[in-house]
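To start, the structure under review is shown below, and the notes come after it.
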Amino acid sequence: MNYLFLLSGFILLILGGHWLLNASVALSLRLKIPKIVIGMTVVSFATSAPELIVSLNSALDGHADIALGNVIGSNIANLGLVLGVILLIKTISVEKSFYKTDWPVMMLSSILLFLFIFHDGVLERYEGIILVVSLSVFLIYLLKIQERAVDVDEIGVQKEMSLPMIILLLIVGGVGLWAGSELLIKGAVNIANEFGVSERIIGVTIISVGTSIPELAASIMAIFKKEKAISLGNIIGSNIFNILAVLGITSIVTPIRVQDPGLLTHDIYWMLYFALLIFPLVFVPVRMKLSWKEGLILLLSYTVFISLMI
């Protein structure tokens, strides 16, 4: 039954995330928001919704290691697994915004999280407020400054959706995400108790991969539709949202206290490693391009990480 809960939770998270993503992008296009901004904000937030719901539910239920491990593991999976798989499919040309905005903000967010939880093992409410305020500043920058340099061509190529359908999908997607998170957490906690595995390992591996599936699906779809800006922006933006929005909002609702020291002595260092690794890969061996070679490096690194967790 626990595996059925786990599977049902994953399915509802995937469907809920898919419906929420489609409705969010359709609404953004109706508002004439440029695609790169959609990738870094709307798509990232929609694909981070599973992490937000799972982490919030976990923290409220007293499973802090799942809440934190889910975000740390998801950030690792986004770069190591999701981006790695995408690069095996197709080479990505990297926009200048990567080193001017996207990567620096992701790196600073990762370091900020590290500093907040490393000294006392607790993500306090005031620290969550700092994270959310940082996100607000980042979004204002994207919407007010970066927009000027964005090519808004091809905005109209997306399939239009009626406003009632957008609202319906937003509601159904939100309900699906919440129900999926409930089932996923219940199944994961029961399985962890059954096999004597820590909630931290469950959160960093199984749950984080499950909540990263929307990023993988959205990015692969974007690649095949030749929306490369959305694809790369989605992955980087999702990692930023996971820290600033997911953990920020969750810790404001209820402080997150680390229970398994492995999160602080092992997992968070791997998150920082992947965040750092992506920068030199963009410039070596080919500047501003990521190919299957870089994808292989990311996947091999992720394989090493998982093997050390098992």
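Every number here is computed from the coordinates shown, using simple stated rules; none is lab data. Treat the numbers as computed from the prediction; the structure is a model and nothing was measured. Positions of Cβ are generated from backbone atoms using ideal geometry, with glycine treated the same way; all protein chains shown enter the neighbour counts.
Determine, for each peptide in 203-209, 239-245, the mean count of other beta carbons within 10 angstrom over its residues, then list the peptides with the highest first.
239-245, 203-209
Would you mind checking which residues have amide H under 5 Å from residue 289's amide H? H placed 1.01 Å from N; only 5 or more apart, or other chain.
Under 5 Å from the amide H of residue 289 lie the amide H atoms of 94, each far enough along the sequence or on another chain.
Which one of 98, 208, 166 has its Cα pushed farthest toward the positive end of the charge dipole of the chain, where Lys and Arg give +1 and Asp and Glu give -1 at the Cβ?
98
In whole Hz, what ³J(HN,Hα) sequence does region 12-21 give by Karplus (6.51, -1.76, 1.60; θ = phi - 60°), x for Gly and Pro?
For region 12-21, the Karplus-derived couplings read 5, 5, 5, 5, x, x, 5, 5, 5, 4 Hz, x marking Gly and Pro.
Quick one: of 100/293; 96/289; 32/96; 32/100; 90/293; 100/289, which pairs are farther than 20 Å apart, Cα to Cα? Write down the numbers at each step before the final one.
Values: 100/293 24 Å; 96/289 11 Å; 32/96 23 Å; 32/100 24 Å; 90/293 11 Å; 100/289 16 Å.
Pairs exceeding 20 Å: 100/293; 32/96; 32/100.
What does the helix-only formula give at 222 nm for the chain: each DSSP H stretch with n ≥ 4 adding -39500 (n - 2.57), the total divided by the residues, and the result rounded to the nearest 500 deg cm²/dmol?
-23500 deg cm²/dmol
Could you go through region 233-244 in sequence order and give the Karplus-derived ³J(HN,Hα) for each residue, using 6.51 cos²θ - 1.76 cosθ + 1.60 with θ = phi - 60°, rounded to whole Hz, and x for Gly and Pro?
x, 5, 5, 5, x, 5, 5, 5, 5, 4, 7, 6
How big is the gap, in Å, between the Cα center of region 56-96 and the Cα center of region 1-19?
Going from one Cα centre to the other spans 17 Å.
List the trypsin sites (Lys or Arg not before Pro) within region 88-125 that fall in a DSSP loop (any state other than H, G, I, E or B) and whose Cβ has at most 12 other Cβ atoms within 10 Å. Can you show the working numbers first?
Numbers: sites: 90, 96, 100, 125; in loops: 90, 96.
Passing both the DSSP loop test and the Cβ count: 96.
Counting only C-alpha contacts under 8 Å and six or more residues apart, can you give the relative contact order of the chain as a whole percent?
45
Quick one: Debye curve from the C-alpha atoms of region 30-141, no solvent, what's log10 I(q)/I(0) at q = 0.13, 0.18, 0.19 Å⁻¹?
So the normalised log intensities are -0.62, -1.17, -1.29.
I need the phi-derived Karplus couplings for region 187-202: 6.51 cos²θ - 1.76 cosθ + 1.60, θ = phi - 60°, integer Hz, Gly and Pro marked x.
x, 5, 5, 5, 5, 4, 5, 5, 9, x, 8, 5, 5, 4, 5, 4
Would you mind computing, in nm to one decimal, how far apart the modelled labels at residue 220 and residue 249 are, each placed 7 Å from Cα along Cα→Cβ?
Distance between label points: 2.6 nm.
Springs between alpha-carbon atoms under 10 Å, Gaussian network over the chain: tell me which of 102, 267, 61 tops the mean-square fluctuations.
The residue with the greatest mean-square fluctuation here is 61.
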